[in-house]
Amino acid sequence: MSYQRPKGTNDILPGESEKWQFVEETARLLFHDYQYSEIRTPIFEHYEVIARSVGDTTDIVSKEMYDFFDKGDRHVTLRPEGTAPIVRSFVENKLYGPEYAKPYKTFYMGPMFRYERPQKGRLRQFHQIGVEAFGSVNPATDVETMAMALDFFKQLGIQQIRLVINSLGDKETRQAYRQALIDYLVPHEAELSEDSKRRLHENPLRVLDSKDKRDQKFVADAPSILDYLSEPAKKHFDEVIKMLDALEIPYEVDANMVRGLDYYTHTIFEIMSDAPGMGAQATICAGGRYDQLVEELGGPATPGFGFALGIERVLLTLAAEEVVIPAMNELDAYVVSIGESTNIEALKVVQAIRNFGFSADRDVMQRKAKAQFKTADKAGAKLVLTLGEDELEQGIINVKSMASRKEKSFPLTKIYEDFSGVYDEMSMLEE
Ligand code: ATP
Ligand code: MG
């Protein structure tokens with residue numbers, strides 16, 4: 001009997017997990033600069049929270065949900081995305097109250113679950129980092145949030161990316177456009193994919209999001225939503241463009257882009273990677289404005305803007321662009337102990353070093369000195385402390401700086417009382 005992880009999931013092992021930490025830490029630091037604070041929501045939610053926000057006719061809700069009835073017969077689902085849970089939390093905790101900052105800016109990171117066909121960059125458990133800003137209708141919020149996403153990729157060292165924008169306008173826009181789209185698609189109904197035949201009547205905008213080849217030739221010639229923008233919607237989109245230009249941020253407008261979630265209004269955007277080999281999974285970040293969602297989930301009318309990025313796809317992009325990720329797991333000291341009688345003292349030494357706030361490790365496998373030195377070297381230890389039976393008898397320990405190859409003996413008491421001093425002294429020998 002051999003067990004395997006569920007299809008479409010990954011074990012993130014050492015060697016890989018450091019890259020995740022680098023991506024997550026970069027996000028935390030940058031989001032702080034933009035004054036976003038973290039919210040952590042549960043991994044599962046009431047089914048309704050997701051169905052109401054993301055939309056019943058979307059692929060996410062109609063095909064991809066990990067939903068089930070719990071032992072109390074409640075219909076719950078693993079979260080497929082982060083915005084709906086955050087909006088639910090925003091409303092439930094009354095974060096729109098007068099005591100809170102406006103706009104209310106928050107970020108999240110963690111696993112999301114969608115029952116999809118697994119492939120490169122497409123998993124059943126994947127991970128997102130996302131942000132939401134509540135309370136601002138100012139197009140400057142749209143633009144600074146997109147700029148923050150671009151800053152994030154720049155800070156990671158990713159270069160081959162493209163910002164693509166569009167507007168879905170307001171209610172008035174969508175009503176006008178919906179009809180135009182139906183009028184255009186109905187004559188081609190028989191040639192559409194099965195999914196799109198259904199979408200055409202339930203939610204025609206969804207046809208534009210189809211990845212099916214049969215639909216794509218019709219999508220390409222579909223009427224442009226930008227021709228149907230209401231006066232206020234056009235004004236908002238024009239302002240966004242003016243502000244992107246003011247910041248000299250390059251962008252493309254794709255009038256066929258609709259995104260796979262129903263809650264968007266006005267500005268939507270995607271950041272695509274042009275790195276080789278990303279294929280159909282080249283969208284690494286996506287988001288936009290959702291001015292009705294807070295109200296939809298029972299809160300006071302509050303506009304919102306946010307995005308989510310897929311960590312797995314960011315890591316694929318980092319690899320495709322051959323970005324070198326800074327090493328984080330350096331080791332300050334390794335204690336080599338020779339002979340059984342040194343076991344207790346080596347334990348005391350390594351603990352003392354750790355208690356001074358340094359990273360330290362030792363051999364516990366009673367291996368030969370040579371193997372221990374090799375381990376120290378592989379771990380990138382800055383100092384190697386060697387304790388043999390002779391040293392133990394004399395109450396000393398040999399300390400070697402791996403950078404300068406210089407060595408010095410110290411009394412064990414010095415290690416216990418002032419390892420920081422030993423560390424500084426050894427560093428000085430390097431110069
Ligand atoms: P796609 O069109 O690729 O299916 P989406 O429109 O469903 O993406 P969103 O729901 O907007 O994606 O999620 C934002 C980001 O999360 C995506 O741009 C992508 O980077 C990532 N993402 C979405 N679904 C998956 C998945 N199944 N596996 C890995 N990453 C994903
Ligand atoms: Mg999808």
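Readers should treat all values here as calculations from the given coordinates under stated rules, not as data from a laboratory. What you see is a predicted model; the values in this text were computed from it and never measured. Positions of Cβ are backbone-derived with ideal geometry, glycine not excepted, and every protein chain shown enters the neighbour counts.
Under a model in which nothing but the beta-carbon of Lys, Arg (+1) and Asp, Glu (-1) is charged, the range 333-426 shows a dipole of about 500 debye around its Cα centre.
Amide hydrogen proximity for Thr265: with H placed 1.01 Å from N in the peptide plane, the residues at 5 or more positions away or on another chain lying under 5 Å are Arg289, Tyr290, Asp291.
Residue pairs exceeding 31 angstrom between C-alpha atoms, taken from Lys348/Lys374; Lys378/Lys414; Lys120/Lys235; Lys63/Lys235: Lys120/Lys235; Lys63/Lys235. Counting beta carbons within 10 Å around each of His266, His127 and listing the fewest first gives the order His127, His266. Its residue count N sets the reference 2.2 N^0.38 Å, and the alpha-carbon radius of gyration of the range 145-216 equals 1.52 times that reference. Computed from the alpha carbon atoms alone, the convex hull of the chain holds 217 Å³ per residue.
Selection among Tyr334, Leu392, Ser420 by position relative to the dipole of the range 333-426 gives Tyr334 as farthest towards the positive end (Cβ unit charges, Cα centre). Model label sites at Ser224 and Gln394, defined 7 Å from Cα along the beta-carbon direction, differ in position by 8.3 nm.
Rounded to 0.05, the FRET efficiency of the Asp377 and Tyr66 pair, given R0 = 35 Å and the Cβ-Cβ distance, is 0.15. Qualifying GluC sites (Glu not before Pro) in the range 98-190, where qualification requires a DSSP coil assignment and no more than 10 other C-beta atoms within 10 Å, comprise Glu99.
Our estimate of slack between Asp212 and Asp254, defined as 0.36 nm per intervening residue step minus the Cα-Cα distance, is 13.3 nm.
Here the range 140-272 is treated as a Stokes sphere of Kirkwood radius computed over C-alpha pairs; at 10 °C and 1.306 mPa s its diffusion coefficient rounds to 100 µm²/s. Per the Debye formula on identical point scatterers at the alpha carbon atoms of the range 333-426, with no solvent, log10 I(q)/I(0) at q = 0.14, 0.22, 0.25 Å⁻¹ is -0.42, -1.13, -1.52. Gain on full extension, evaluated as 0.36 nm per residue between Asp11 and Lys370 minus their Cα-Cα distance, stands at 125.9 nm. Applying a DSSP loop filter and a limit of 14 other Cβ atoms within 10 Å to the GluC sites (Glu not before Pro) in the range 198-294 leaves Glu248. The value obtained for the range 197-310, namely the Cα convex hull volume divided by the number of residues, is 146 Å³ per residue.
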